[in-house]
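Worksheet: one structure, shown below.
The values are calculated or read from the model by the stated rules, or taken from the named source; none is laboratory data. These numbers come from a predicted model, not from an experiment. Cβ coordinates were reconstructed from backbone atoms using ideal geometry, including for glycine residues, and neighbour counts include every protein chain displayed. Remember, those area values only see protein heavy atoms, side chains included, never the ligands or the DNA or RNA. Shrake-Rupley method; radii C 1.70, N 1.55, O 1.52, S 1.80 Å.
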Amino acid sequence: MTDNKVNAKSVNEKVISPAVIKRLPRYYRYLGDLLKNDVVRISSKELSQKMNVTASQIRQDLNNFGGFGQQGYGYNVEFLYNEMGRILGLDRTNNIIIIGAGNLGQALANNQDFDSNGFKIIGLFDVNPRLIGMTVRGVEVYDIDMLEDFLSKNEVMIAALTLPKNKATKIAGELVDLGIKALWNFAPVDLNLPDDVIVENVHLSESIMTLSYRIHSKNL
Ligand code: NAI
């Protein structure tokens, strides 16, 4: 067995803290910008100045995955960018369906940035006959009754929930029964699902309330 195999195994088994996981997309974004600007290597100090995170924090974060830096050299930008992408699972295509093809569902489907990171929206689903059959950036809106059939024919990793909150819980359960393992939940409701289902909540209203708190706590 090679050392690489040992390392890969121990990284997979290691529990990474949510705070570290939250920073990974930022590393990926900054490294992508550096790569676009033809930067070949960067020290943790320079990266820390750009990202407003301490250099030791960066070293600690990256050490969770095996380090990647070299004493006296820093980080090779392209290598680290690719490794971050691999750690984030962006080196493969992640098919997504969107449940609820209203304002938010269509806005998500219209966002081209997802494509470049390997996220492919392959279908939207709705109950509204006026929406069913239309396409958003080339992706069809299907009748929600087609969901089971669609999932039996397509490998889908993620389902985004952009439907009214009073419908979200039931649909989430149905999606899980149909084999969906990851939900990107925009509906303002807490989903109670089996432990092996991954739920990422995105709530803009909670974010603006946090901003409001910060404004008011400074007496602005
Ligand atoms: P919308 O009313 O424009 O779209 C909702 C769509 O869901 C409609 O097209 C409707 O026909 C469809 N729908 C209803 N029942 C369904 C079912 N059983 N199966 C499939 N589709 C169904 O509403 P909008 O503005 O797009 O918001 C959607 C959801 O996202 C709401 O729950 C809203 O509260 C939430 N939201 C969350 C935000 C966030 O930051 N997380 C921001 C904006 C909205």
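Figures for the structure shown
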| item | result |
| --- | --- |
| Under-5 Å amide H pairs with Ala182, H placed in peptide plane, nonlocal only | Ala159, Ile198 |
| With Cα atoms, 0 to 90° folded angle of helix 3-13 axis to the chain main axis | 50 |
| Net charge dipole size for the chain [Lys, Arg +1 and Asp, Glu -1 on Cβ; Debye, nearest 20] | 940 |
| Size of electric dipole in the range 113-220: Cβ of Lys, Arg +1 and of Asp, Glu -1, about Cα centre, debye, nearest 20 | 580 |
| Residue-normalised accessible area of the chain, given per residue in Å² at a 1.4 Å probe | 64 |
| Relative contact order, percent, the chain [alpha-carbon distance under 8 Å, six or more residues apart] | 13 |
| In degrees, nearest ten, helix 77-87 long axis to first principal axis of the chain (Cα) | 40 |
| Lys/Arg +1, Asp/Glu -1 at C-beta; the range 81-220 dipole; positive extreme among Ala187, Thr210, Asn103 | Thr210 |
| The chain, helix-only ellipticity at 222 nm - DSSP H runs n ≥ 4, -39,500 (n - 2.57), divided by all residues, nearest 500 | -14000 deg cm²/dmol |
| Full-extension gain in nm, Glu78 to Ile21, via 0.36 nm per residue minus C-alpha separation | 18.5 nm |
| Pairwise centroid distance, computed over Cα atoms, of the range 46-115 with the range 149-220, Å | 21 |
| Dipole of the chain [Lys/Arg +1, Asp/Glu -1 at C-beta], most positive-end residue of Gln70, Pro25, Ala168 | Gln70 |
| With Cα atoms, 0 to 90° folded angle of helix 18-36 axis to the chain main axis | 80 |
| Within the accessible area of the range 115-220 (1.4 Å probe), percent carbon and sulfur | 53 |
| Relative contact order (%) - the range 120-166, alpha-carbon pairs under 8 angstrom, separation at least six | 29 |
| P(r), alpha carbons of the chain - 10 Å bins starting at zero, rounded % | 7, 26, 29, 24, 13, 2, 0 |
